[in-house]
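Trainee: Submitted below is the structure of interest, expressed as structure tokens.
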Amino acid sequence: MTDSPVRPTSEVPVALELNGEHVRATIPAHRTLLDMLRDDLGLCGTKRCCAEGECGACSVLLDGELVNSCLVLGAEADGGALLTIEGVSMDGVTDLQEEFLAAGAVQCGVCIPGQVMAAEQLLQTNPNASRNEIRDAMSGNLCRCASYQRIVEAIQNAAAGRRTDA
Amino acid sequence: MPDENQGPSSNGQIAGPNRVVGQRVHRYGGVDRVTGAQRYLSDITFTDAAHVAFATVPVGCAAIDAIDTSPAVAMPGVIAVVHADDLPQPVARFGISHKDRPVIATKAVNYHGEPVVAVVAETEDEARAAANAVVIHYTELTGVYGLDAALAGDARLVQDPSVRPGDDLNSTNVLEQVEYAWGDADSEGASSHTIIEDTYMFPMVTHFPIEPGGIVAVPTDDGGIEVYSPVQHPYLLQRTIAEVWSIPLSRVRVIAPDPGGGFGGKQTPRYEPLIAFLALKTGRTCRLVLSLEEAFQMMRRSGCRIHARTGFTEAGELTFHEMQVDFVVGAYADVAPRVMTKGSYVGAGPYRIPRVSINARAVLTNTVPSCAFRGFGAPQVGWATESQLDAGARALGLDSLEMRRRNLVQHDEAFIRGDYEARADGRWHESLEKAAELIGWHEPTPSGRGRGISVGIKPGATTGLSQSMVRLLYDGSAMAYAGTSDMGQGARTLWKQILADELGVDLDLITIISGDTNAVPFDLQTSASRSTVFMGNAVLAACEDIRDRVLELYAEATETAQSELSHAPGQLVTPSGAISLVEAAQTALGGLRGEFVGQGTSRLWGTKGHPLGGDASFYEFNATAIEVEVDRVTGEILLTKHVTVGDVGTEINPLQVVSQDEGAAIMGLGHSLMEQMLFDEHGQILNLGAIDYRIPTFNDVALEMQTASVENHDGPGPYGCKGISEGALLCTAGAVGAAVADAIGTPVRDLPITAERVWRTIRDANCDSPD
């Protein structure tokens, strides 16, 4: 093997607002935000699949932007505001999550936290998204159970519900 | 305890005053899944766990000359560095049909990704760093990576003959072969008006579960071991660990967290015996979490080449069908021989054919061992047979729906003849007609588009054993113990529904226990869409057992003659009228309280001599219709409509049926349009990873998609249900292929039908007949 071994050496302090609370951690400099959440902060709701930004399973909102947490270093979140699936679910199941269940969108479930994060971001940025816009916006989140139709239905129903409530 | 129960049970009736069977009940465990609280294997915390990483070589076939572990041993945090020489000799091999897979690569590497060295370290980073530091000296050998290379007379043997002692085929790369035939070869010539002969390819594809998976092994104080693995068959894993390391079953506990997607890829043990060894050797909890790339190197569907020759009368009736079917199974058997046997058994499709001859082989190559994958061999062979029917229809100027109408068997008509015939267990024409209706087959195809319609069939389980236990507790809540792994199909939701109806208990008061061999009775496996039928019948029987016991104790407690009492779903019927079963149970239990425990067993014995080991308990039948638009300049395909109809018997949970059918149908688009594992000349997989490999996304779903069911309550499971979950991908490829051929005028015979293949097909057709 010719690969040079990874030798974790330096550690960095990180302070951020995580789901509304101030959090501090000291992590290896190379640690991704995904691994920091799961391994250092014990928040395993953000799931890990490809770990290279291709599947969307680890989607979180960093300063309001939807990001793959596997492509962001934990250190980069320093000073930021981070929302994860645990934050979304803090007060129980949301209208959107309820629509996921009612539409039959949840099968094995591993991609679902990431789908919920992407869908929540979409509802906030484009509350009147068309079916095609929903498909486009969600296309970075893979689901091997292929609940795609169900998820689109869930997002449409949640959007309709929010328009009625508004 | 009730008699063993197999066959129609409460057949055809939707039971119980609650009537939640048949309702769109939300998924058991759904809330945890939407909130992120669900704990899959890699989310579970183990105190003081050591971490495992593998070292491999970047080729598919090599002799291992020497291994230098010293650079790794010296690295921080390293606890152990283990290779074949460190295991008890000879290194144990395991497997279901063939004990051919070594616990770790022994003297040779037989596929790209086969673990050669395992490193145990304090952290995941340290384990991976040390695995990178291991130096494996190897000599690359000329591997066999394709069918022609594997079947050549002078081909290198993937497996040394000593691995399969006494096997007539052990000096070849053919692992197993079967032959199915019926009818008289002499009679066909006169009756055949048109004969079609062609070769079809089906790609190697990988399961790509969103949870790649992993294993944790915990040594226990009594010399035993606990193995955590998100497997579909916990009891098979328990048996394998016990056999490989000579530990009694009672001291091997398998805990199977819900698999985050299985699709057949998480059935059989692979690295569990090795991780168990590491734990026993180091005395530490050992944890392996796989990367997605490692999951690609652990599971795939067998690729397939099918050569077919088919005869038709002028009216489009099939006269004969011959096939040579070669499955590319990979380096070790896993369950691939069974995939080959079962898939080719139904290779001629659900048709009325006077003469059939199918020769099938499972061929070893230096590639990832293939295993079960949704459809289990049927999609591969069906791709060729359905394409042959369409080619026949084109040659005869016949509509492809009409072609199927003329050949599809009627209810109870034999479609497999010979010594062990199989008959249609459903009214399959209803599914075909419904699919045609839903896609608007009778309406003209819009300009620039093409349509295809196709059918598929798969035998369900041919033997089976599921045992269940149900407890009705004093307060009217209930628990069911059922060993089915809930990997996304939603099995536990159905057990809840059955309990709710049969015991008259609120859905919210029911808990299902699964995934722990120390707590849950035996279940053979979660595969072949069997669970709703087999475990469903076992759960139903356990509920009936409870009602019997309530009746008996109620009679004793109230001094009523048993003959004056009877029970019905959710009820005990007394001389003064029906009361709820829970009320009756409380009266019967009295001041001492306690509970009722019921047991149920569903067992299907095989049939001696049957090529599948027994008759299928049911068949999954599906009709799929697809409409596409093809860009003739780029070859790109736009799916405009996608319809599937399944013959399901009874929908116990319509919401879950739709989820599973849509999921299977879209998964079928993967091998039809985009998915294929690609290898270089060294046997290295070229497209490891999500983007390079490419599975269907939101944007690949048809503009209009609809799944539907035919319910005739004619299945062997509870309330007349059959298994579902695989049907909707059995014939996706056939329908896509027919639609593309309809649109561009020429068929594509190799899957996946990529834009490049379509473009080349159009170009080649134009070259053949220049305007």
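Trainee: What residue, of B:GLY723, B:GLY734, B:GLY663, B:GLY668, is more than 9 Å from chain A (Cβ to nearest Cβ) and over 18 Å from B:VAL628 (Cβ atoms)? Step through it out loud before you land on a result.
Mentor: Details: B:GLY734 fails: over 18 Å from B:VAL628 (Cβ atoms); B:GLY663 fails: more than 9 Å from chain A (Cβ to nearest Cβ); B:GLY668 fails: over 18 Å from B:VAL628 (Cβ atoms).
Every option except B:GLY723 fails the conditions.
Trainee: For B:ASN699, all conditions in the list (1) within 14 Å of another protein chain (Cβ to nearest Cβ); (2) in contact (Cβ under 8 Å) with a residue 40 or more places away in the chain hold save one; what is the number of the exception?
Mentor: (2)
Trainee: Please pick out the residue among B:GLU711, B:GLU681, B:GLU662 that is of a type outside the set (Val, Ile, Thr) and closer than 16 Å to A:ARG150 by Cβ.
Mentor: Unique residue meeting the criteria: B:GLU662.
Trainee: If we keep just the residues of region B:282-317 that are surrounded by fewer than 24 Cβ atoms within 10 Å (Cβ to Cβ) and among the β-branched types (Val, Ile, Thr), which is nearest to B:ASP125 (Cα to Cα)?
Mentor: Residue satisfying both the conditions and the ranking: B:VAL289.
Trainee: Looking at (1) more than 8 Å from chain B (Cβ to nearest Cβ); (2) over 19 Å from B:ILE210 (Cα atoms); (3) crowded, with 24+ Cβ neighbours inside 10 Å, which one does A:GLU133 not meet, given that it meets all the others?
Mentor: (3)
Trainee: How many residues does region A:104-130 contain that are farther than 30 Å from A:VAL23 by Cα and at the interface with chain B (Cβ under 8 Å from one of its Cβ atoms)? If you could, list the steps in order and put the result at the bottom.
Mentor: The first filter runs over region A:104-130 and keeps only residues farther than 30 Å from A:VAL23 by Cα, leaving A:104-108, A:126-130.
Right, trim to at the interface with chain B (Cβ under 8 Å from one of its Cβ atoms) and you get A:104-108.
Going through region A:104-130 one residue at a time, the tally reaches 5.
Trainee: On to the next question. From the list B:GLU681, B:GLU651, which residue is within 24 Å of A:CYS108 (Cβ to Cβ), more than 19 Å from the chain's Cα centre (by Cα), more than 9 Å from chain A (Cβ to nearest Cβ) and not in a strand (DSSP E or B)?
Mentor: Just one listed residue meets the conditions, B:GLU651.
Trainee: Still on this structure: Looking only at region B:95-114, decide whether some residue is of a type outside the set (Phe, Trp, Tyr), within 11 Å of chain A (Cβ to nearest Cβ) and touching a residue at least 40 places away in the same chain (Cβ under 8 Å).
Mentor: no
Trainee: Would you please name the residue that is farthest from B:ALA360 (Cα to Cα), looking only at residues in region B:150-162 that are surrounded by 16 or more Cβ atoms within 10 Å (Cβ to Cβ) and of a type in the set (Gly, Ala, Ser)?
Mentor: B:ALA155
Trainee: Among the residues of region A:129-139, is any hydroxyl-bearing (Ser, Thr, Tyr), at pLDDT 95 or above and not in a loop (DSSP other than H, G, I, E, B)?
Mentor: Checking region A:129-139: not a single residue is hydroxyl-bearing (Ser, Thr, Tyr), at pLDDT 95 or above and not in a loop (DSSP other than H, G, I, E, B).
Trainee: Which strands (runs of 3 or more DSSP E) does region B:157-221 wholly contain that include 1 or more residues that are within 14 Å of chain A (Cβ to nearest Cβ) and farther than 20 Å from B:GLN380 by Cβ? Even if it seems obvious, please write down each step before you answer.
Mentor: Numbers: elements: B:174-182, B:194-202, B:214-219.
In region B:157-221, B:214-219 are the strands (runs of 3 or more DSSP E) which contain 1 or more residues that are within 14 Å of chain A (Cβ to nearest Cβ) and farther than 20 Å from B:GLN380 by Cβ.
Trainee: Okay, moving on. Condition test on A:VAL106, is it buried (at least 24 other Cβ atoms within 10 Å of the Cβ), modelled with pLDDT of 95 or more and either on the phi > 0 side of the Ramachandran plot or more than 12 Å from the chain's Cα centre (by Cα) (or both)?
Mentor: So A:VAL106 fits the description; yes.
Trainee: Would you be able to tell me the number of residues in region B:529-571 that are over 30 Å from B:LEU465 (Cα atoms) and either in contact with a Cys (Cβ under 8 Å, 6 or more places away or on another chain) or buried (at least 24 other Cβ atoms within 10 Å of the Cβ) (or both)?
Mentor: Counting residues in region B:529-571 that are over 30 Å from B:LEU465 (Cα atoms) and either in contact with a Cys (Cβ under 8 Å, 6 or more places away or on another chain) or buried (at least 24 other Cβ atoms within 10 Å of the Cβ) (or both) gives 1.
Trainee: Here are some residues: B:VAL91, B:VAL52, B:VAL31, B:VAL25. Which one is among the β-branched types (Val, Ile, Thr) and part of a strand (DSSP E or B)?
Mentor: B:VAL52
Trainee: Kindly evaluate B:ILE666 against the criterion of being at pLDDT 95 or above, surrounded by 23 or more Cβ atoms within 10 Å (Cβ to Cβ) and in a loop (DSSP other than H, G, I, E, B). Write out each step before concluding.
Mentor: Values: at pLDDT 95 or above: yes; surrounded by 23 or more Cβ atoms within 10 Å (Cβ to Cβ): yes; in a loop (DSSP other than H, G, I, E, B): no.
Answer is no for this residue.
Trainee: Kindly check whether there is at least one residue in region B:277-294 that is in a strand (DSSP E or B), of a type outside the set (Lys, Arg), more than 25 Å from the chain's Cα centre (by Cα) and more than 28 Å from B:VAL57 (Cβ to Cβ). So that I can check it myself, show each step before the final result.
Mentor: Residues of region B:277-294 in a strand (DSSP E or B): B:285-289.
Those still in the list that are of a type outside the set (Lys, Arg) too: B:285-286, B:288-289.
Filter again for more than 25 Å from the chain's Cα centre (by Cα), leaving B:285-286.
Still in the running and more than 28 Å from B:VAL57 (Cβ to Cβ): B:285.
Yes, the conditions are met somewhere in region B:277-294.
Trainee: Note down all Cβ pairs under 6 Å where the first residue falls in region B:418-435 and is part of a loop (DSSP other than H, G, I, E, B), the second is surrounded by fewer than 17 Cβ atoms within 10 Å (Cβ to Cβ) and of a type in the set (A, V, I, L, M), and they're at least six residues apart or on different chains.
Mentor: B:GLU421/B:ALA414
Trainee: (1) out of contact with any Pro (no Cβ under 8 Å at 6 or more places or on another chain); (2) over 17 Å from B:MET323 (Cβ atoms): which one isn't true of B:PRO354, the others all being true?
Mentor: Tallying (1) out of contact with any Pro (no Cβ under 8 Å at 6 or more places or on another chain); (2) over 17 Å from B:MET323 (Cβ atoms), B:PRO354 fails exactly one: (2).
Trainee: Take the conditions in the same structural domain as B:GLY668 (by TED's automatic domain parsing), outside any strand (DSSP E or B) and crowded, with 22+ Cβ neighbours inside 10 Å and apply them to B:ALA500. Does it pass?
Mentor: No, not satisfied.
Trainee: B:ALA755: more than 30 Å from B:THR56 (Cβ to Cβ) and buried (at least 18 other Cβ atoms within 10 Å of the Cβ), yes or no?
Mentor: So B:ALA755 does not fit the description; no.
Trainee: Would you check which residues across region A:69-93 are without any contact (Cβ under 8 Å) to a residue 24 or more places away in the chain and either in contact with a Ser or Thr (Cβ under 7 Å, 6 or more places away or on another chain) or at the interface with chain B (Cβ under 10 Å from one of its Cβ atoms) (or both) and list them?
Mentor: Answer for region A:69-93, where residues must be without any contact (Cβ under 8 Å) to a residue 24 or more places away in the chain and either in contact with a Ser or Thr (Cβ under 7 Å, 6 or more places away or on another chain) or at the interface with chain B (Cβ under 10 Å from one of its Cβ atoms) (or both): A:GLY92, A:VAL93.
Trainee: Regarding region A:140-154, can at least one residue be identified that is surrounded by 20 or more Cβ atoms within 10 Å (Cβ to Cβ), under 16 Å from the mean Cα position of the chain (by Cα), closer than 28 Å to A:GLU17 by Cβ and at the interface with chain B (Cβ under 10 Å from one of its Cβ atoms)?
Mentor: For region A:140-154, residues surrounded by 20 or more Cβ atoms within 10 Å (Cβ to Cβ), under 16 Å from the mean Cα position of the chain (by Cα), closer than 28 Å to A:GLU17 by Cβ and at the interface with chain B (Cβ under 10 Å from one of its Cβ atoms): present.
This table checks each residue for (1) in a loop (DSSP other than H, G, I, E, B); (2) at pLDDT below 95.
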| site | (1), (2) |
| --- | --- |
| B:GLY60 | yes, no |
| B:ALA66 | no, no |
| B:ILE96 | yes, yes |
| B:ILE104 | yes, no |
| B:ALA118 | no, no |
| B:ASP125 | no, yes |
| B:ILE136 | no, no |
| B:VAL144 | yes, no |
| B:ALA149 | no, no |
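Trainee: B:VAL356: within 30 Å of B:ASP680 (Cα to Cα) and touching a residue at least 24 places away in the same chain (Cβ under 8 Å), yes or no?
Mentor: No.
Trainee: If you scan region B:454-484, which residues turn out to be under 24 Å from B:LYS608 (Cβ atoms) and small (Gly, Ala, Ser)?
Mentor: B:GLY460, B:ALA461, B:GLY464, B:SER466, listed by residue number.
Trainee: In region A:155-164, which residues are away from every other protein chain (no Cβ under 13 Å) and in contact (Cβ under 8 Å) with a residue 40 or more places away in the chain?
Mentor: Scanning region A:155-164 gives A:ASN157, A:GLY161, A:ARG162.
Trainee: Let me ask something else. With the condition kept exactly as written, say whether any residue in region A:118-125 is surrounded by 20 or more Cβ atoms within 10 Å (Cβ to Cβ), in contact (Cβ under 8 Å) with a residue 24 or more places away in the chain and in contact with a Pro (Cβ under 9 Å, 6 or more places away or on another chain).
Mentor: No.
The values are calculated or read from the model by the stated rules, or taken from the named source; none is laboratory data. Everything quoted here is computed from the prediction, not taken from an experiment. Using ideal geometry, Cβ is built from the backbone for each residue, glycine included, and neighbour counts are taken over all protein chains shown.
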